[in-house]
1. Given the peptides 219-227, 300-308, arrange them by the average over their residues of other C-beta atoms within 10 Å, most packed first.
2. How would you order 79-87, 152-160 from highest to lowest mean count of nearby Cβ atoms within 10 Å?
3. Using only the Cα atoms of segment 83-133, build the gyration tensor, take square roots of its eigenvalues as a ≥ b ≥ c, and label the shape rounded, prolate or oblate: rounded if a/c is under 1.5, else prolate if a/b is larger than b/c, else oblate.
4. Please determine, in degrees from 0 to 90 and to the nearest 10, the orientation of helix 174-185 with respect to the longest principal axis defined by the Cα atoms of the chain, where the helix direction is its Cα long axis.
5. What order do you get for 295, 46 when you list them from fewest to most C-beta neighbours inside 10 Å?
6. At residue 138 and residue 154, where each label point lies 7 Å from the Cα along Cα→Cβ, what is the point-to-point distance in nanometres?
7. Only one of the values [x] 17; [y] 27; [z] 35 was calculated from this structure for percent of Cα pairs over 34 Å apart; name its label.
8. Calculate the FRET efficiency for residue 192 and residue 118 from the Cβ-Cβ distance with a Förster distance of 41 Å, rounded to the nearest 0.05.
């Protein structure tokens, strides 16, 4: 039985989620179709640009992403507090920049509302839009719809382009978040599409490395690294950027064929801080999707989630 999305995404419990959408047709989302000889590489740009553009409108921050041949990954940070802090005018400006503006909102913007009933209707609309601005389901829906329309038009066909629903995994603690981000950024290396993070096109790790080369510590449209001393989960990614880059580089080296089974003695310091064993880290960063797990975290966090959701059991991945 399909689980309701409200039972899988709960910003009050954790703001971090790993999401995956896969193509349903044999024709590619991106990449090269060896059967027809046609290249769909340009579609990677479609997905990447649309994802980052929507992130500038929604209160959904992108922690990491990777655009693959027939699917894409992203780790999202649902910034509920930012959405609730928006003024009514900011909500309207954000929502109506991508959607048709109702006539009554046009009147609201020009101070032409003349009755309490109309004012109440406007208030309800604005609150609905506010909640949508931090809805991961709405974000993914709009991202996938736009790409499907473009792909169907290019393929001169109709019908479903994506599998039914996007897959989501709730990341309940820092270890889960770190593992999921590295798992996503290392997808091209694992699929032998790239030899190193800096060669991994259409990934967040390459975007961040490019920004660093330009002496920019923050990358536009991506969630910021706040440093491990920052304990407020609702401000961004609770790691230092350089620690994360070091971890991705270290895990990537273990995935090389000439390094099979070898653990480099120069273990990244972030693993010590999070008490995350080397082998467990490698397993999580390379095999996160091997078994269907909707919730990822420690025993304590999984039990907390089970209690809050009123569940007797949960399909979770335990991190020690």
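Bear in mind that the values in this text are calculations on the coordinates, not laboratory data. Everything numeric here is computed off the predicted structure, so don't read it as measured data. Every residue, glycine among them, receives a Cβ derived from its backbone with ideal geometry; neighbour counts consider all protein chains shown.
1. My ranking of the peptides, most packed first, is 219-227, 300-308.
2. Going from most to least packed, we get 79-87, 152-160.
3. Since a/c reaches 1.5 and a/b is larger than b/c, the shape of segment 83-133 is classed as prolate.
4. Its long axis makes an angle of about 80 degrees.
5. Going from sparsest to densest Cβ surroundings: 46, 295.
6. Each label point lies 7 Å from its Cα, and together they span 2.8 nm.
7. Answer label, from the structure shown: [y].
8. 0.10
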